[in-house]
Structure formats: structure tokens, C-alpha cells
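The values are calculated or read from the model by the stated rules, or taken from the named source; none is laboratory data. The shown structure was predicted, so the numbers you read here are calculated from the model rather than taken from an experiment. A quick note on method: Cβ atoms are made from the backbone with ideal geometry, for glycine too, and the neighbour counts reach across all protein chains shown. Heads up: the accessible areas ignore ligands, DNA and RNA and are worked out on the full protein's heavy atoms, side chains in. Shrake-Rupley method; radii C 1.70, N 1.55, O 1.52, S 1.80 Å.
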Amino acid sequence: MQERHFWYRGRHRFLLHALDRYRLADVGTLSAVDLGGGVGGWVRYLADRRPGQYQPLALADSSRTALRMAGPMLPAGVERYQIDLMNLGWRDHWDVAFLLDVIEHLPDDREALRQARAALKPGGLLFVTTPALQQFWSYNDELAHHLRRYSRADFARLGEQAGLQLLDARYFMFLLSPLYWLARQGKGIEGMTEDEKMALMHKTHQVPPAPLNLPLTAIFAAETPLGHWLRFPWGTSVLGVFRR
């Protein structure tokens, strides 16, 4: 799904451009870890498109099931760790870390950033993506167990509280935001059973048919590098780049 779905492809493309832009200069390979990285879609994408630049490269998640499922799709040499985001235990360990659509699920998002900061080497980079702007809140946030959506100002506040320097914060999925908003109107999950909620989640979280997925992929792809040349006024997601 992460290889084909227009949303994942667009997010990964936008994130990779930011990573290239802020990549630490005058160094060889960098160590990198995807915290809360699920079944490893981003790790695989990064390894395929920037081979050899990030070693060691690691996937870390609280779920043993996700880590097991990730095994067959990850390149050789990728390390896997079962972790607790509230107690990572790493100190000055990684050059680059990612928290991609993770902290919106956590009651204590500030502590997650503090843990990530401690795990980074001095000068290390943390890339964070989340759903953006409460105005886009919908039934899907409830299905996905989101606790909040974020603004650029929220990222600035979180960075300061966690002792991180915010280098950049910018919205993305701007071009498709009207379609996103329209598609999420007029639906609610109040009164649904858990089975009905699961059925709705399964129905709405699949790769769209090719005649729809291909044009959506092309539109989202246009945001890179456009969205790095100019700052979109809003979007349904937000990317933050922090430095320890």
C-alpha cells in the first residue's frame, strides 16, 4: 500500500526532498532510525532512493507484529528494534530520526520529542509529520485514534518545550486539500459498533482504483519541489524539521 497509494507516495517524496535539503554536510554515511515506523514503508523507500547514505538504518516500533511483517520487505542490513517511545533509552546515538504520523496518537507528544532529542547526537536532525489543522478534523481522525491535529505554531511550541531548534515547518497536501475536505463531510461514526468502524476503516484505507489513484498521485507529486520553494498557507499535513 505504501508503494502504491497516492498519499504515501506524495508524503515520502515531500519528506525526501526535505531530508536532502537539510542533510548534514561534509560527512559520509549517517545513522538513521524511523521511530514508530510500523511495517517499514518509509525505511524501504529511503534505502531504495538513497542507497548507502544512511548506515546503520533502522526501523523501530512498539509492535512486534509490525516489526515481523516488515522483515520480508526491508533491505538486508536494516536493524529492527522494539521500543517504547516514552522510554527509548538511547543517548547521543543517531544522526537522523523520524516520527512520521506518530505523535498525534500519543497523550504526551512533548515527551516523545524529548526522548527523540536524547536519542540524537548533538546537531542531529528530527523529521516529524502529522495531520494538520483542527479545521480538517473528521470521522477519519476518530477512526485512526488521533488525539489532535497540528499547526506550524504547535510545532514551534513543541520544539521549544522539548529543547529542539525548529529549522522549518511547512504544510503539504495543499493542492488536494479541497477534495480531502469534501470527501470527509457529512459522515460520522457515532453509534457505530466496533465491527462497523473496522469495516469503514478497511473500506476507506485502501489504494484507490488506478483511474483515480494515478491522477491523485500526479497532483500530489507536483507539491515537490513546489511546496519547498514556497510555503503553502495550509495543508492537511505538516512537516517539521528539528535540530538538537
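So the values come out like this:
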| read-out | value |
| --- | --- |
| Criterion (more than 22 Å from Trp181 (Cα to Cα) and acidic (Asp, Glu)) met by exactly one of Glu142, Glu111 | Glu111 |
| Count of the range 80-105 residues which are open to solvent by 30 Å² or more (accessible area, probe 1.4 Å) and either within 19 Å of the chain's Cα centre (by Cα) or touching a residue at least 60 places away in the same chain (Cβ under 8 Å) (or both) | 8 |
| Filter result for Leu212 (open to solvent by 50 Å² or more (accessible area, probe 1.4 Å) and part of a helix (DSSP H, G or I)) | yes |
| Residues (open to solvent by 50 Å² or more (accessible area, probe 1.4 Å) and part of a helix (DSSP H, G or I)) located in the range 131-151 | Gln134, Gln135, Glu142 |
| Wholly enclosed strands (runs of 3 or more DSSP E) of the range 1-105 bearing at least 2 residues closer than 26 Å to Leu216 by Cβ | 94-100 |
| Among the residues listed as Arg49, Arg68, the single one being touching a helix residue (DSSP H, G or I) at 6+ places or on another chain (Cβ under 9 Å) and open to solvent by 60 Å² or more (accessible area, probe 1.4 Å) | Arg49 |
| Hits in the range 118-130 - residues which are open to solvent by 10 Å² or more (accessible area, probe 1.4 Å) and either among the β-branched types (Val, Ile, Thr) or touching a strand residue (DSSP E or B) at 6+ places or on another chain (Cβ under 7 Å) (or both) | Lys121, Gly123 |
| Conditions (1) within 30 Å of Asp95 (Cβ to Cβ); (2) assigned to a helix (DSSP H, G or I); (3) aliphatic (A, V, I, L, M); number of the one not met by Leu182 | (1) |
| When residues of the range 233-244 are limited to those that are part of a loop (DSSP other than H, G, I, E, B) and closer than 20 Å to Leu179 by Cα, the one most open to solvent (accessible area, probe 1.4 Å) | Trp234 |
| Count of the range 217-232 residues which are buried (at least 19 other Cβ atoms within 10 Å of the Cβ) and either at positive phi or among the hydrophobic types (A, V, I, L, M, F, W, C) (or both) | 1 |
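Okay, residues lined up against (1) open to solvent by 50 Å² or more (accessible area, probe 1.4 Å); (2) modelled with pLDDT under 95; (3) not in a loop (DSSP other than H, G, I, E, B):
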{"position": "Ala153", "(1), (2), (3)": "yes, no, yes"}
{"position": "Ala169", "(1), (2), (3)": "no, no, yes"}
{"position": "Gly186", "(1), (2), (3)": "yes, yes, no"}
{"position": "Glu196", "(1), (2), (3)": "yes, yes, yes"}
{"position": "Gln206", "(1), (2), (3)": "yes, yes, no"}
